[in-house]
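Okay, structure first, notes after.
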Amino acid sequence: MAPPRDDPSRFHRQGGWKARFQRGGTIKTKGPLVVESPADLFESTGDAGKDFDLYKEALDELAFGAAGQTVEPAPKLGDGAHAVTFRQGLPPTAVRHYAVAWRQGNVTGYVLINGFDGRLTLSDAVDLARKQEKRIQRATG
């Protein structure tokens, strides 16, 4: 992520992980072509809340800079979630992006997916975010 989320010691961050996957496809390929999913553990819920606020700001800047939009209502994840979507390019090769960030106790999670417009849905992103949410619950007890 861009500053200030790029500082690994921000807000008393204790650690985390990041997964990134990519597959090939054509304009007929359904589902995500790229999935990025980091999670960060903080000393307190307040520190995680500050990080989540940075996510919201960064996602809104990203989406609105690309003529995107905030997803309302946000998906129900953790203790609060925020989601945006935007499209890059023109049909038939336009790429749709969905980004979902959430706070879960003293952890923040994030899922960013992209794929061809019309072949990718918010549900695809939320399903992956819920899987990440379960991994976080297992890891943090």
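The values are calculated or read from the model by the stated rules, or taken from the named source; none is laboratory data. Because the structure is a prediction, the values reported are computed rather than measured. Please note: Cβ atoms are built from the backbone with ideal geometry, for glycine as well, and neighbour counts cover all protein chains shown. Accessible surface is based on the protein model in full, side chains and every heavy atom, while ligands, DNA and RNA are left aside. Shrake-Rupley method; radii C 1.70, N 1.55, O 1.52, S 1.80 Å.
Residue by residue, here is whether (1) crowded, with 16+ Cβ neighbours inside 10 Å; (2) in contact with a Ser or Thr (Cβ under 8 Å, 6 or more places away or on another chain) holds:
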residue: LEU33; (1), (2): yes, no
residue: GLU36; (1), (2): yes, no
residue: PHE52; (1), (2): yes, yes
residue: GLU61; (1), (2): no, no
residue: ALA67; (1), (2): no, no
residue: GLY78; (1), (2): yes, no
residue: ALA81; (1), (2): yes, no
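GLY16 satisfies every condition listed in (1) modelled with pLDDT of 95 or more; (2) outside any loop (DSSP other than H, G, I, E, B); (3) closer than 18 Å to TRP102 by Cβ except (1). Hey, could you check the range 83-92 for residues that are under 12 Å from PHE116 (Cα atoms) and touching a strand residue (DSSP E or B) at 6+ places or on another chain (Cβ under 7 Å) and say which is surrounded by the fewest Cβ atoms within 10 Å (Cβ to Cβ)? This residue is GLY89. One residue stands out in the range 38-48 among those that are open to solvent by less than 20 Å² (accessible area, probe 1.4 Å) and part of a helix (DSSP H, G or I): the one that is farthest from ASP124 (Cα to Cα), namely ASP47. Listed conditions (1) at pLDDT below 95; (2) over 24 Å from LEU120 (Cβ atoms); (3) of a type in the set (Phe, Trp, Tyr) are all met by PHE11, apart from (1).
Please count how many residues of the range 79-113 are of a type in the set (S, T, N, Q) and within 22 Å of PHE52 (Cβ to Cβ). Explain how you work it out, then say what you get.
Step one: filter the range 79-113 for residues of a type in the set (S, T, N, Q), giving 85, 88, 93, 104, 106, 108.
Applying the additional criterion that residues be within 22 Å of PHE52 (Cβ to Cβ) yields 85, 104, 106, 108.
Residues meeting the conditions: 4.
Which residues, counting only those in the range 86-97, are among the polar types (S, T, N, Q) and in a strand (DSSP E or B)? Talk me through it step by step, then tell me what you get.
Taking the range 86-97 as the starting set, the residues that turn out to be among the polar types (S, T, N, Q) are 88, 93.
GLN88, the sole residue that qualifies.
Can you tell me which residue within the range 116-141, out of those that are among the β-branched types (Val, Ile, Thr) and modelled with pLDDT of 95 or more, is most open to solvent (accessible area, probe 1.4 Å)? The selected residue is THR121.
A quick yes/no check of all residues on (1) assigned to a loop (DSSP other than H, G, I, E, B); (2) without any contact (Cβ under 8 Å) to a residue 40 or more places away in the chain:
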residue: PRO32; (1), (2): yes, no
residue: LEU62; (1), (2): no, yes
residue: ALA99; (1), (2): no, no
residue: TRP102; (1), (2): no, no
residue: GLY109; (1), (2): no, no
residue: LEU112; (1), (2): no, no
residue: ASP124; (1), (2): no, no
residue: ALA129; (1), (2): no, no
residue: ILE136; (1), (2): no, no
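With respect to the conditions (1) within 20 Å of ALA19 (Cβ to Cβ); (2) out of contact with any helix residue (DSSP H, G or I) (no Cβ under 7 Å at 6 or more places or on another chain); (3) among the basic types (Lys, Arg), ARG96 falls short on a single one, namely (1).
The residues of the range 105-115 that are more than 15 Å from LEU128 (Cα to Cα) and either of a type in the set (Ser, Thr, Tyr) or open to solvent by 10 Å² or more (accessible area, probe 1.4 Å) (or both), listed by number, are GLY105, ASN106.
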